[in-house]
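J.: Please find one structure pasted underneath; my questions will follow.
Please treat every number below as a calculation from the coordinates, not as lab data. Only a predicted model underlies this, so the values are computations on that prediction, with no experimental measurement involved. Every residue, glycine among them, receives a Cβ derived from its backbone with ideal geometry; neighbour counts consider all protein chains shown.
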Number of protein chains: 2
Amino acid sequence: MNEHTERVRRLQERLLQLQIDGCMITQNVDLYYFTGSMQTGYLFVPNEGEAVFFVRRSVVRAEQESSITVESLGSFRSFGERLADVYRSLFHAAHSRNLRLAAEFDVLPVQQLKRLEAVLPQVDWVDGSLLIRELRMIKSAAEIGYIREAGRVINLAFEDALDKLRPGMLELELMSHIETYVRRAGHIGIMRMRGYNQEVITGMIGAGEAAAMPTYFDGPAGGQGLSPASPQSASRRPIAANEPILIDIGCCIDGYVIDQTRTVVIGTLAEDLLQAYEHSEQIIRSVESKLLPGTVCEQLYMHSLQMAYTAGLSDHYMGYGDDQVKFLGHGIGLEIDELPVLAKGFSYRLQPGMVIAIEPKFTFPQRGVVGIENSYAITDTGFEKLTVSREGLIQL
Amino acid sequence: MNEHTERVRRLQERLLQLQIDGCMITQNVDLYYFTGSMQTGYLFVPNEGEAVFFVRRSVVRAEQESSITVESLGSFRSFGERLADVYRSLFHAAHSRNLRLAAEFDVLPVQQLKRLEAVLPQVDWVDGSLLIRELRMIKSAAEIGYIREAGRVINLAFEDALDKLRPGMLELELMSHIETYVRRAGHIGIMRMRGYNQEVITGMIGAGEAAAMPTYFDGPAGGQGLSPASPQSASRRPIAANEPILIDIGCCIDGYVIDQTRTVVIGTLAEDLLQAYEHSEQIIRSVESKLLPGTVCEQLYMHSLQMAYTAGLSDHYMGYGDDQVKFLGHGIGLEIDELPVLAKGFSYRLQPGMVIAIEPKFTFPQRGVVGIENSYAITDTGFEKLTVSREGLIQL
């Protein structure tokens, strides 16, 4: 059994447990996860029996790529009848009641659901987002291999950028060096993100007060960006000496992302910023000591909050004032905002195969952001660090 | 009255005509269009009176950027009461009936609509996508100015790439040169796209058979891509002499995109491919002669189909076989897939202010794709070509 059919089998197990008759998968990343192909169509996974990927285009390409049986979708108008025909016993069993099918409500546009409702009137749709995200939360050895490779590439790009960094260089210029490097190494051009309205290309670079500017972006440091039409990440601000340069970058190699942050300074950093940076390292070291199967995710966040509080840095932790974000880390994989989240209300226990970016950071308005971020795979006995860049404040 | 308040006024006019009480706008690009800010929140536009942008984050930044009144969203749980309080007369008038509010069903995830339904039980939601897309279809002089600027930049990037192009260079390498150039000139990193599951970074480069590979992407030439996890655009295939190199690129400057295609060859092209290329130019010249206010969009597509048929090139037009796409062009602006579409069923008449990318192309399986694409602003008397790159088959 290959990885994709095993993933489908695990989904079916959960569908049966939840008394859901099947799942209709449509989002490109989820399709890739379950079939190995990102062509456009509908993957139908019944709670028992064979899944079929009904492909709109390109059928030829899906047939080459997919581990799951591919059929041409044909006319969408007759998709309901088609499905009832292929899954006769399922639809027959449901004669006396509506079928319960799950779909990805977190990403599926309302129009798309209404189209499905129109051709499948006998279905009650339920939200399958969490179900799918929880399956994707536990990575296989192969998936961790891809993330490890992305970690290797981003480190090379980072070191290359450090070689090129000079006072007066624009944030955008430095970001462009990194993007060019990772792109040639196979970065697909963006880091995919599941959240509505969220965009991330290759992360962010922010120097001095530009890094500390609040943004819509759901992270502790969004950056100034190029204009209100792109109000996050690198700006055209020149990088100066003796200010913190936050380099929070990643790339997407063969579909999988890595996420890492380092703090750099050309010259020296003010004493309080240096201490805050060092405290971010103390937090990450202390959190590492708890990165073991069984640890509850929200406890890691609460522990970091407590450490920031004890150091008198609460107000600066993970953003400033109204714009603080309330998490310490997040799962990564095919998308940058996966489960688990290290935040209040997330009671997941760490398990082998989870991959988590942990990013304690401190924001000083008008002055900058300092901090560190590593990505970790949870193992049977602890963790493997997948980000391999040198740590410590990097002084040039 | 500035552009944003004028846009809101036009939306209100349409809401009144359609007897819709208001519109709730949540998508980042639509928020930017109506407010001038892309921060996260809910823009509520009543069919009469003042619109308010209820911002989740960042309020500070939205206040700096937005032309529309900004208020802090506060707790989402009490958003319903808040709205009823701010828009007392509207909600009061609706006491005896449900309010009819529009939302962007084409992009709004089901979960987001359900959240709104939970806090606003007195509302019937209707699809406002078309309404908004039709308003955005007609660009102001300022918007056309941004697209013109993006056209200027993409031409410089294109000429720079031609200087660097050598036999043996990978498609990805050539694409990376273009991306580096446009990024430094202010490209935001992606070209935004509204369609579900559609992604475009800086367009595509495809040489020989790689360009002709069918893809999920809703365009005539998707390209091979890097792997099944990114199955479109440039691949790692080396570019050879005497094969068609399709360079279909764009960039996004200050939020607005440009889209252009040129066909390049190192050496010479086979006679039939050359003739097909020349026919694509004949089509675009003939279509240009009809680019006038009043022309019906679908007629332009039907006219081009007829020309391809007469030339004996029907099978190759806009893709090949099952993977042909059924349009000649598409609106561009803040997104790459705007209205109008030049396709069957689109009965819009051309109007001054529309900006349309027109892209007749011919696909030859195993051999490549040839064609041309320009972007045009419709004027009172005809058009302005916003893509300024030299035309004709470019032989190096």
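J.: Which residue fluctuates the most in chain B, going by a Gaussian network model with Cα springs under 10 Å, if the choices are B:Glu171, B:Glu71, B:Glu143?
T.: B:Glu71
J.: Using only the alpha carbons of segment A:138-395, what is the convex hull's orientation-averaged projected area in square nanometres? Each step should come with its number before you reach the end.
T.: Values: hull surface 47.9 nm².
That works out to 12.0 nm².
J.: Sorted from shortest, what are the nm distances separating the label point of A:His92 from equivalent points in the other copies, each placed 7 Å from Cα along Cα to C-beta?
T.: 6.2
J.: Moving to a separate point now. Per the Kirkwood formula on distinct C-alpha pairs, the Rh of the protein assembly as shown is how many angstrom? Please report the intermediate quantities before stating the final value.
T.: On the way: mean 1/r = 0.0365 Å⁻¹.
In the protein assembly as shown this quantity evaluates to 27.4 Å.
J.: Right, something else. Calculate the FRET efficiency for A:Lys290 and B:Ala118 from the Cβ-Cβ distance with a Förster distance of 30 Å, rounded to the nearest 0.05.
T.: Details: r = 36 Å, r/R0 = 1.20.
Working from the Cβ atoms, E equals 0.25.
J.: Over all Cα pairs of segment B:176-258, how is the pair count split among 5 Å bins, expressed in % and running from 0 up to the last occupied bin?
T.: All Cα pairs considered, the percentages come to 3, 16, 24, 23, 20, 11, 3, 0.
J.: How big is the Cα convex hull of segment A:78-166 in projection, averaged over all directions, in nm²? Walk me through the numbers on the way to the answer.
T.: Values: hull surface 40.3 nm².
Mean orientational projected area (segment A:78-166, Cα hull): 10.1 nm².
J.: Which residue, A:Ala207, A:Ala234, A:Ala142, has the most motion in a Gaussian network model of chain A that connects Cα atoms within less than 10 Å?
T.: Among A:Ala207, A:Ala234, A:Ala142, the largest mean-square fluctuation in the Gaussian network model of chain A belongs to A:Ala142.
J.: Another one. In units of 2.2 N^0.38 Å, what is the alpha-carbon radius of gyration of segment B:132-227? Write down the numbers at each step before the final one.
T.: Working: Rg = 15.3 Å, N = 96, 2.2 N^0.38 = 12.5 Å.
Normalised by 2.2 N^0.38 Å, the Cα Rg of segment B:132-227 equals 1.22.
J.: Shifting gears a bit: So, with +1 on the Cβ of K and R and -1 on the Cβ of D and E, and no other charges, what is the size of the charge dipole of chain A about its Cα centre, to the nearest 20 debye?
T.: Values: 37 positive and 50 negative charges, 138 e Å.
Value, rounded to 20: 660 debye.
J.: Let me ask something else. Convex hull over the alpha-carbon atoms of segment B:322-396: what's its volume per residue in Å³? Could you put the intermediate results ahead of the total?
T.: On the way: hull volume 9.2 nm³, N = 75.
Roughly 123 Å³ of hull volume per residue.
J.: Please arrange A:Thr26, A:Thr363, A:Thr69 by how many other C-beta atoms lie within 10 Å of their C-beta, fewest to most.
T.: On the way: A:Thr26 20, A:Thr363 27, A:Thr69 13.
The fewest-first ordering by Cβ neighbours comes to A:Thr69, A:Thr26, A:Thr363.
J.: Suppose we keep just the alpha-carbon trace of segment A:242-338; what are its Rg and Dmax in angstrom?
T.: Final numbers for Rg and Dmax: 15.0, 43 Å.
J.: Separate question: May I ask for the percentage of alpha-carbon pairs in segment A:40-120 that lie more than 15 Å from each other? Intermediate values should be presented prior to the final figure.
T.: On the way: 1967 of 3240 pairs.
Cα-Cα pairs of segment A:40-120 separated by over 15 Å account for 61 percent.
J.: Using a 7 Å offset from Cα along the direction of the beta-carbon, what are the separations from A:Asn2 to the same position in each other copy, nm, ascending?
T.: Label point to label point, same position, other copies: 5.4 nm.
J.: Just how large is the dipole of segment A:3-136 about the Cα centre, in debye to the nearest 20, putting +1 at every Lys and Arg Cβ and -1 at every Asp and Glu Cβ? Before the final figure, lay out the partial values.
T.: Details: 16 positive and 18 negative charges, 53 e Å.
Charge dipole of segment A:3-136: 260 debye, to the nearest 20.
J.: Distances in nm, one decimal, shortest first, from A:Pro365 to the same residue in every other copy, taking the label point 7 angstrom along Cα→Cβ.
T.: Values, ascending and in nm: 6.3.
J.: Another question, then. Per residue of B:191-203, what is the mean number of Cβ atoms on other protein chains within 10 angstrom of that residue's Cβ?
T.: On the way: counts 0, 3, 0, 1, 2, 9, 11, 2, 6, 2, 6, 2, 0.
For peptide B:191-203, the averaged partner shielding equals 3.
J.: For the protein assembly as shown, give the magnitude of the charge dipole about the Cα centre (Cβ charges: +1 Lys/Arg, -1 Asp/Glu; no others), in debye to the nearest 20. Please report the intermediate quantities before stating the final value.
T.: Numbers: 74 positive and 100 negative charges, 124 e Å.
My answer is approximately 600 debye.
J.: Moving to a separate point now. Obtain the nm distance between the two label points defined at A:Ser314 and A:Glu134 by a simple spin-label model: each point lies 7 Å from its Cα along the Cα-to-C-beta direction.
T.: 3.4
J.: Once you have the Kirkwood Rh of segment B:35-194 from its Cα pairs, apply Stokes-Einstein at 10 °C and 1.306 mPa s and quote D in µm²/s. Don't skip to the answer; put the middle values down first.
T.: Values: Rh = 19.3 Å.
Once the numbers are plugged in, D ends up at 82 µm²/s.
J.: Roughly how crowded by other chains is peptide B:26-32, in terms of the mean Cβ count from those chains within 10 Å of each of its Cβ atoms?
T.: Partner Cβ neighbours, averaged per residue: 3.
J.: With 10 angstrom as the radius, rank A:Ile378, A:Ile205 by how many other C-beta atoms surround their C-beta, starting from the fewest.
T.: Details: A:Ile378 23, A:Ile205 30.
So the residues, fewest neighbours to most, are A:Ile378, A:Ile205.
J.: What are the GluC sites (Glu not before Pro) within segment B:1-58 that DSSP puts in a loop, where the Cβ has at most 16 other Cβ atoms within 10 Å? Mind showing how you got there, number by number?
T.: Numbers: sites: B:Glu3, B:Glu6, B:Glu13, B:Glu48, B:Glu50; in loops: B:Glu48, B:Glu50.
Filter output for segment B:1-58: B:Glu48, B:Glu50.
J.: Could you give the length gained on full extension between B:Arg56 and B:Phe76, defined as 0.36 nm per residue of separation minus the Cα-Cα distance, in nm? Mind dumping the intermediate values first?
T.: Numbers: separation 20, 0.36 × 20 = 7.20 nm, distance 0.88 nm.
Between B:Arg56 and B:Phe76, full extension yields an extra 6.3 nm.
J.: Something else: For A:Leu18 paired with A:Asn2, estimate the spin-label separation in nm (one decimal), with each label point 7 Å from Cα along the Cα-to-Cβ line.
T.: Between A:Leu18 and A:Asn2, the label points sit 2.6 nm apart.
J.: What is the Cα centroid distance between segment B:172-214 and segment A:1-27, reported in whole angstrom?
T.: 34
J.: I've got another one for you. Modelling each spin label as a point 7 Å along the Cα-to-Cβ direction, I'd like the A:Ala270/B:Arg9 distance in nm, to one decimal.
T.: About 4.6 nm, to one decimal.
J.: Any chance you could count the Lys pairs in segment A:138-395 whose alpha carbons are under 30 Å apart, treating pairs 8 or more apart or on different chains as valid?
T.: 17
J.: As a test of the formula, what do you get for chain A when each DSSP H run with n ≥ 4 contributes -39,500 (n - 2.57) and the sum is divided by the residue count, at 222 nm and rounded to the nearest 500 deg cm²/dmol?
T.: On the way: 12 runs with 137 residues, N = 396.
Calculated from helices alone, the mean residue ellipticity at 222 nm is -10500 deg cm²/dmol.
J.: Here's something else I'd like to know. Taking Cα pairs under 8 Å and at least six residues apart, what relative contact order does chain B come out at, in percent?
T.: On the way: 884 pairs, mean separation 57.7, N = 396.
Relative contact order for chain B comes out at 15 percent.
J.: GNM on chain B, C-alpha springs below 10 Å: top fluctuator among B:Ile245, B:Ile20, B:Ile253?
T.: B:Ile20
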